[in-house]
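The structure appears right after this line, and notes come after that.
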There are 2 protein chains.
Amino acid sequence: MSMDEMEDFRKTHYTKDIIPELIGKEVILGGWVQNYRDLGGLKFIILQDKFAERQITLKKGVVSNDLFDVKVGYQWNIMVKGIVKEFKKAPGGIEIIPSQIKILNKTPQKLPIDMTGETVSELDIRLDNRVLDLRSKKNQAIFRIRSEVINSIREFLLKNNFTEITTPKIIASATEGGTELFPIIYFEEEAFLSQSAQLYKEQLCSVFENVFEISPAFRAEKSHTKRHLCEIFTLDVEMAFANMQDVLKLLEEMIQFIIKDIREKRLDDLKILNMENKTIVPKIPFPRYTYKEIIEKISTEFNINVEFGEDISTEAYRKLGEVLPGYYFIIDWPTSSKPFYIIPYKDKPELTESFDLQKGYLELTSGGTRVHNKEYLEKRLEEKDLNPISFESHLRMFDFGMPPHAGAGLGIDRFITVLCGLDDIREAVMYPRTPDRLTP
Amino acid sequence: MSMDEMEDFRKTHYTKDIIPELIGKEVILGGWVQNYRDLGGLKFIILQDKFAERQITLKKGVVSNDLFDVKVGYQWNIMVKGIVKEFKKAPGGIEIIPSQIKILNKTPQKLPIDMTGETVSELDIRLDNRVLDLRSKKNQAIFRIRSEVINSIREFLLKNNFTEITTPKIIASATEGGTELFPIIYFEEEAFLSQSAQLYKEQLCSVFENVFEISPAFRAEKSHTKRHLCEIFTLDVEMAFANMQDVLKLLEEMIQFIIKDIREKRLDDLKILNMENKTIVPKIPFPRYTYKEIIEKISTEFNINVEFGEDISTEAYRKLGEVLPGYYFIIDWPTSSKPFYIIPYKDKPELTESFDLQKGYLELTSGGTRVHNKEYLEKRLEEKDLNPISFESHLRMFDFGMPPHAGAGLGIDRFITVLCGLDDIREAVMYPRTPDRLTP
């Protein structure tokens, strides 16, 4: 297959930048052949780049014969030099009359997935050919929204005096106590991949007060559901001089801010995903239900019995999501079901100052008020059958004036799943990792 | 040790927000006791929070006797309710006359590191007590600069139409060919921690064109130098329809932009670090030297012989840094010393379109033009004694119209080391990971 060299060709514009003011001007575009048609004396190439599409029109006699005879195929990578021309019938009212086309890379005649959008290929085949798959209109919309959400989170937190932290992903001890960790061979020592920035963000709120991190976290859960991944992307927030109530307020304001932002900047993408009437700005405050109220509701309304202290089953959550389709908090979870760093209520030690943020059936966030007194934290570790000695380097930081603090972790992939109305969390991630998938 | 509860106390302001307009108003501050003095009938507490300090003044007869008798210690965590008062002799011309002080957490009488700044404790002791250490003026300056640099990188790249990507850190095959990787036990399979986003960023520039990622990367190097870490924080950039020359231009513009930004927003922090006359905006373009020119220079000027194809020794780099103290590129490295994905020159196959960006003796960045033709990439893998079958899922992405592309990786920790004039890279990271250090 002979291909052209790029040489000194450089894009002068993206497709989105080809505005009426450029009519009559020469431009160079680059991208992929989304579609092409041959009507005999007239040929069209629809060129797609990272932003949008433009029509390239080749008319016999108008362009050189050599150029008219250029062959292209679906998703070939090309660059086009040409003049911008007004043409009412072309998409956007503009076409490009080319003077030169460079074929930079080709594709096999049969592509492994359908790029016309007429049929949707199976997700595993799409993931195996992810680069091609990501060029679809739907995926372009999903990942533009994802990018905007991450920016929006940063904007909201930075303007609220949060400091962005970066904490290690290779850790010596288990945050929550040992399960669901990936072991690493760290020279001659055993180490683990971090499940969450929990301990580090707590430590750092004793320096920078309000802190956040957006980073990967790793969960060795052999779950084959549409809600679980082995490598997730999470937001961790922690606030000094704060308790659970302050975190609930922060989170609902943040979610409202993000959705406002997405609707303002990415409404076209929500429309591509048919979510423009579903991903709407939620009213705040979000309803708060206690764990006790929720298990009573589940028992009364769906006849599913949950003993105090038990987890709520997926089935019960699904039913709950039908009657509570919006955002809501479940607060005051049993002490037995929460990790050592969550504080029990003084007057009701069987309950903790903890919460989950739900969107319908899906848990997006867990958090709560933390223990900030060192002696009490040691006691809590022992009550959870954990050895304080394994947490020595963490506990030491509680010697230096640890403030009262509270925080939460938000699963960004799950949040994208919700915002984009996706059926499977793997669609919210460029390269998902599951127990069965390590490539591409 | 009896301590107070925070209860409904909430900070109304940070220290930095206590401006003359607030004189006469009641405020609540929170933070740590940086210093305190007892002059008999007069006591001062210097309260430090994430931004700055304020003086709390307790005068016998002015404040209640109970309050006057409150005991505090270094780095205790406290909240103070009081009235803002003008007082010319106080730092910033303002003092706080307290009506209530809450002691939220205490410290041992003897702190493990000196917080007055008079003596500098050994780095390992500082790292063992990192929370305390991070409250020092110097560290506050370093990490404010670090945070600003990361923001500045994002701002520069987003405004240049780059897309922020998130790629997996658990990978199935070795990017560069197998050395220096941390193995993970991934259920029943072998996997590794990602050394760089190299393969993924190349794939994604075939979708999003210009892409970047700021993320951790993992290097199992048993180096005990002041320049190496086992977990680093890197910027990966990749540009479609571009070659090395475009990346050189992008990088020098980005570095100029970042330093301008830091000088504008964080000049006070540069002053704390005595770097205000050293971290200055560099002129662009940066000088470009070929590898051949550099090894000749090393031979002529320092009498150190480097055979063509050999690495440049640390000693030679140190000498080079003395005569080339600024930013400069070393381009056109030998094909034998560069990974398979770097493209050799057509007319001189012993050299590649590759570069390092140096600041004095320190390498900050490596990059170059990549191979975008699949057959050629397979050939390059074989020439490097790598098995194309191990790279099957990566190679497949080259079937779908991969554009010509080029890119680079920048070590953010090293860059911070340079900008802040630090002696040891561990000072540029909140929680460094080295062969000997996995905690805190």
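Throughout, read-outs are computed from the coordinates displayed, never taken from laboratory work. Every value quoted in this text rests on a predicted model; they were computed, and no experiment measured them. Cβ coordinates were reconstructed from backbone atoms using ideal geometry, including for glycine residues, and neighbour counts include every protein chain displayed.
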Handout entry: Sorted by Cβ density within 10 Å, fewest first, the residues A:LYS43, A:LYS71
Key = A:LYS71, A:LYS43
Handout entry: Model label zone, B:ASN274; criterion: amide N under 18 Å from point 7 Å along Cα-to-beta-carbon; scope the stretch B:90-126
Key = B:116-123
Handout entry: Tensor-based shape of the stretch B:206-325 (alpha-carbon gyration tensor, a/c under 1.5 rounded, otherwise prolate or oblate)
Key = rounded
Practice task
Would you grab the residues whose amide H sits under 5 Å from the one on A:THR234? Only those 5+ places off in sequence or on another chain, please, with H modelled 1.01 Å from N.
Solution key: A:SER215, A:ALA217, A:ILE412
Problem - Too-long pairs where the Cα-Cα distance tops 30 Å, listed order kept, from A:LYS260/B:LYS137; A:LYS346/B:LYS81; A:LYS159/B:LYS43 - result: A:LYS260/B:LYS137; A:LYS159/B:LYS43
Practice task
Any of A:LYS374/B:LYS169; A:LYS11/A:LYS59; B:LYS271/B:LYS359; A:LYS138/A:LYS283; B:LYS201/B:LYS278 with alpha carbons more than 26 Å apart? Name them for me.
Solution key: A:LYS374/B:LYS169; A:LYS138/A:LYS283; B:LYS201/B:LYS278
Problem - Computed [θ] at 222 nm, deg cm²/dmol, the protein assembly as shown (DSSP H ≥ 4; -39,500 (n - 2.57); rounded to nearest 500) - result: -8000 deg cm²/dmol
Problem - DSSP bridge orientation in the stretch B:203-332 - percent antiparallel, rounded to nearest 5 - result: 75
Problem - Counting DSSP beta bridges with both ends in chain B, the antiparallel % (nearest 5) - result: 90
Handout entry: the stretch B:15-105 - percent relative contact order, Cα under 8 Å, separation 6 or more
Key = 32
Problem - Peptides ranked, highest mean first, by Cβ atoms within 10 Å: ranges A:200-212, A:97-109 - result: A:200-212, A:97-109
Fill in the blank from the handout: Given Cβ charges of +1 for Lys and Arg and -1 for Asp and Glu, the option among B:ILE113, A:ILE184, A:GLN48 whose Cα lies farthest towards the positive end of the dipole of the protein assembly as shown is A:GLN48
Problem - Estimated inter-spin distance, A:ASP17 and A:LYS85, nm [label 7 Å along Cα→Cβ] - result: 2.3
Completion exercise
Magnitude of the Cβ-charge dipole (Lys and Arg +1, Asp and Glu -1) of the stretch A:15-105 about the Cα centre, nearest 20 debye, reported as 140
Problem - Inter-chain shielding of A:218-225 (mean C-beta neighbours from other protein chains, 10 Å cut-off) - result: 1
Practice task
Over the whole of A:401-410, what's the average partner chain Cβ count within 10 Å per residue? Rounded to a whole number, please.
Solution key: 5
Practice task
For the stretch B:69-172, calculate the relative contact order in percent as a whole number, restricting contacts to Cα pairs under 8 Å that are 6 or more residues apart.
Solution key: 17
Exercise for the section: Quick one: which residues, 5+ away or cross-chain, put their amide H under 5 Å from the amide H of A:ILE94? H built at 1.01 Å from N. Expected result: A:PHE87
Problem - Highest to lowest packing among B:399-410, B:218-229, A:307-318, B:22-33, scored as the average C-beta count within 10 Å - result: B:399-410, B:22-33, B:218-229, A:307-318
Fill in the blank from the handout: Shape call for chain A, from the Cα gyration tensor axes a ≥ b ≥ c (a/c under 1.5 means rounded, otherwise prolate when a/b beats b/c, else oblate), comes out prolate
Completion exercise
If every Lys and Arg gets +1 and every Asp and Glu gets -1 at its Cβ, then about the Cα centre chain A yields a dipole, in debye to the nearest 20, of 2200
Fill in the blank from the handout: Scoring chain B by relative contact order with C-alpha pairs under 8 Å, at least six apart, yields a percentage of 13
Handout entry: Rough spin-label spacing in nm, given labels placed 7 Å along Cα→Cβ, for B:ASP124 and B:LYS379
Key = 5.3
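Rounded to the nearest 0.05, what FRET efficiency do B:ASN161 and B:PHE308 give with R0 = 41 Å and r taken as the Cβ-Cβ distance? Could you check?
Values: r = 39 Å, r/R0 = 0.95.
For R0 = 41 Å, the calculated efficiency reads 0.55.
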Fill in the blank from the handout: Residue-ordered couplings for the stretch A:325-337, obtained by feeding phi - 60° into the Karplus form 6.51 cos²θ - 1.76 cosθ + 1.60 and rounding to whole Hz (Gly and Pro as x), are x, x, 8, 7, 9, 10, 10, 6, 7, x, 4, 5, 9
Practice task
Using a cut-off of 14 Å between beta-carbons, work out the net charge of the residues near A:ALA428 (Lys and Arg +1, Asp and Glu -1, A:ALA428 not included).
Solution key: +3
Practice task
Excluding residues on the same chain fewer than 8 positions from B:LYS60, give the aspartates and glutamates whose Cα lies under 14 Å from its Cα.
Solution key: B:ASP38, B:ASP69
Exercise for the section: Could you work out how far apart the two model spin labels at B:ARG318 and B:GLU264 are, taking each label as a point 7 Å from the Cα in the direction of the beta carbon, and quote it in nm? Expected result: 3.9
Practice task
Classify the stretch A:47-121 as rounded, prolate or oblate from the Cα gyration tensor: take a ≥ b ≥ c as the square roots of its eigenvalues, call it rounded if a/c is under 1.5, otherwise prolate when a/b beats b/c and oblate if not.
Solution key: oblate
Fill in the blank from the handout: Total charge of the residues flanking B:LYS348 in space, meaning their Cβ is under 13 Å from its Cβ, with Lys and Arg +1 and Asp and Glu -1, is -2
Completion exercise
Rounded to a whole number, the mean other protein chain Cβ count within 10 angstrom for residues of A:236-244 is 3
Practice task
Note the distances from B:VAL306 to each other copy's matching label point, with points 7 Å along the Cα-to-beta-carbon direction, in nm, sorted shortest first.
Solution key: 6.4
